[in-house]
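One structure is given below, encoded as structure tokens.
The values are calculated or read from the model by the stated rules, or taken from the named source; none is laboratory data. Just so you know, these numbers come straight off a predicted model, no measurement behind them. Methodologically, a virtual Cβ is constructed for each residue, glycine included, from the backbone with ideal geometry; neighbour enumeration extends over all protein chains shown.
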Amino acid sequence: MDTVIVTGASRGLGRFCAERLHEKGYRVIGLGRGADGAAPFEMRTADVTDAASVASALDDVRRDASVYALINSAGIASMNLVVTTPPETVRRIIETNLLGTIFCCQQVAPALMRRGEGRIINFSTLGVPLGLKGEAVYVASKAGVEGFSRAFAREMSAHGVTVNTIAPGPIDTALIAKVPKEKIDAVVDRQIIQRQASPSDVWNIVSTLLAPESNMITGETIHVGGA
């Protein structure tokens, strides 16, 4: 049974993908700071901003040949103008979204390299190409994820591992629960497809990238809704 590791699996898009993977017959290891209700898959507690915490949570997978994929869904956002964003918020966003992605890739990559195949899927946002006002710090963290993923794809290609990024617009999860509707509508109006994506829309891309037939797709950023 192939193993897929999903960060941010306690809630939101990460939880949705982890549950679909479990239904498909994968062994799912979810990472999160806490769980919103009992999960049908294995959950482990980890803080992705802390490299030691990630290493401890995933110590047993570094040599596990069953590990097939890593999905980095853990992320946070804060809609503030740059000049009104507290330094601690800036640091927390960068550490969670960018460093968290890197730390988890560092821990899982050895297992995928040993296996000689695998998938890494990271998450960005349509805010990067759209340059959304009030999301500059969030956009910076996700632009970093995109750049990291493109370069990391080159490092992993010789080992049969693909690295891609999915960049959705607003999705109805806890990440945007406190964002006023008019701001969400303003973003959706700038997408090519002017409707709010659902978790199922994103899952469709995740499942496609996981497929063995997708072994020639790497270093790409897929925009959900179109930029």
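Can you pull out every residue in segment 194-227 that is farther than 24 Å from R150 by Cβ and either in a helix (DSSP H, G or I) or aliphatic (A, V, I, L, M) (or both)?
If the condition is that a residue be farther than 24 Å from R150 by Cβ and either in a helix (DSSP H, G or I) or aliphatic (A, V, I, L, M) (or both), then P199, S200 are the ones that fit.
Which pairs turn up if I take residues in segment 192-211 that are over 17 Å from D172 (Cβ atoms) and look for partners that are of a type in the set (S, T, Y) with beta carbon separation below 9 Å, at least 6 apart in sequence or on another chain?
Correct list of pairs: T208/S214; L209/T162; L210/Y26; L210/Y68.
If you check every pair at least six apart or on different chains, which have Cβ atoms under 6 Å apart with a residue in segment 96-120 that is farther than 24 Å from T208 by Cβ first and a residue that is in a helix (DSSP H, G or I) second?
L98/S141; L98/G144; L98/V145; F103/A51; F103/V54; Q107/V54; Q107/A55
Could you say whether any residue in segment 121-140 is under 21 Å from L31 (Cα atoms), in a helix (DSSP H, G or I) and among the hydrophobic types (A, V, I, L, M, F, W, C)?
no
Identify, please: which residue in segment 171-183 is in a loop (DSSP other than H, G, I, E, B) and not small (G, A, S) and is, among those, modelled with the lowest pLDDT?
K178
Quick one: how many residues across segment 10-23 are surrounded by fewer than 21 Cβ atoms within 10 Å (Cβ to Cβ) and either out of contact with any helix residue (DSSP H, G or I) (no Cβ under 9 Å at 6 or more places or on another chain) or assigned to a loop (DSSP other than H, G, I, E, B) (or both)?
So the answer is 4.
For residues in segment 46-72 being of a type in the set (D, E) and part of a loop (DSSP other than H, G, I, E, B), which is nearest to L99 (Cα to Cα)?
The qualifying residue nearest to L99 (Cα to Cα) is D50.
Assess whether A143 counts as being assigned to a helix (DSSP H, G or I), over 15 Å from the mean Cα position of the chain (by Cα) and surrounded by fewer than 23 Cβ atoms within 10 Å (Cβ to Cβ).
no
If you scan segment 167-191, which residues turn out to be aliphatic (A, V, I, L, M) and free of Cβ contacts under 8 Å to residues at least 12 places away in the same chain?
A177, A186
Rundown of residues vs (1) over 28 Å from G116 (Cα atoms); (2) in a strand (DSSP E or B); (3) under 14 Å from the mean Cα position of the chain (by Cα), yes/no style:
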| position | (1), (2), (3) |
| --- | --- |
| M1 | no, no, no |
| G34 | yes, no, no |
| A38 | yes, no, no |
| M43 | no, yes, no |
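Of the residues A186, A227, only one is at pLDDT below 90, over 17 Å from V6 (Cα atoms), small (G, A, S) and touching a Leu at 6+ places or on another chain (Cβ under 7 Å); which?
Just one listed residue meets the conditions, A227.
Looking only at residues that are over 16 Å from A74 (Cα atoms) and among the hydroxyl-bearing types (S, T, Y) in segment 24-57, which one is surrounded by the fewest Cβ atoms within 10 Å (Cβ to Cβ)?
S56
Which pairs do you get when a residue that is farther than 13 Å from V137 by Cα, found in segment 63-90, comes within reach of a residue that is part of a loop (DSSP other than H, G, I, E, B) and of a type in the set (V, I, T), reach meaning Cβ atoms under 6 angstrom, with the pair 6+ apart or on two chains?
Once the first residue is farther than 13 Å from V137 by Cα and sits in segment 63-90, its partners that are part of a loop (DSSP other than H, G, I, E, B) and of a type in the set (V, I, T) give A74/V48.
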